[in-house]
Amino acid sequence: MTARIPERTHRRTRAGSEETAISDHDAQLLRALHDEHAEALYAHALRLVNGDRQRAEDLVQETLLRAWRNAHRLGQQGQGSVRPWLGTLARRIAIDEHRSEEARPPEEYHRDLTAAARGGQHRTASGTP
C-alpha cells in the first residue's frame with residue numbers, strides 16, 4: 001500500500017476544540033488495511049499474548065487504530081508492504097501492555113469475595129463493617 005495519503009480533514013466543534021473527522025479515503029484505507037492484514041496480524045497477536053483470543057483481538061484493534069492515526073507515514077520508507085511495520089507495532093504494543101501490567105500491584109479482590117461467600121461480614125477499605 002504505497003498510495004499517497006491525504007491530510008485528514010478537521011472541523012471545529014462548538015467548544016472550539018479540534019476534532020478529527022474521518023474522510024471517505026481514510027475509511028477506505030482502514031478497511032483495506034483490515035482486509036489485507038487482519039488475519040495475519042491476528043495470528044501474530046495470538047502468539048504475542050500466549051493464545052488469549054480477547055487480548056489478541058484488542059491488540060489487532062489497537063494496532064490498526066494506530067496505523068490509521070499514522071496513515072501519513074505508511075509507505076514513506078519505500079517498502080512494498082506495511083505488514084512488517086504492523087507486526088512491529090503490534091509487538092511494541094504487547095510489550096508496553098505487559099510492562100504496565102507488571103508495574104501495577106496485584107489486585108486482591110478475591111479475598112473479599114471469599115469472605116462474603118462464607119457468610120462473613122463485608123468490610124470497607126478502612127476495615128470497618
Given a Förster distance of 30 Å, report the FRET efficiency between residue 27 and residue 117 from their Cβ-Cβ distance, rounded to the nearest 0.05. 0.05
On the first, second and third principal axes, largest extent first, how far apart are the outermost C-alpha atoms of segment 22-103 in Å? 38, 24, 22
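Values quoted throughout were computed directly from the atomic coordinates according to the rules given, and no laboratory measurement underlies them. Just so it is clear, the structure is predicted and the values come from calculations on it, not from any experiment. In this analysis, Cβ positions are derived from the backbone assuming ideal geometry, glycine residues included, and neighbour counts consider all displayed protein chains.
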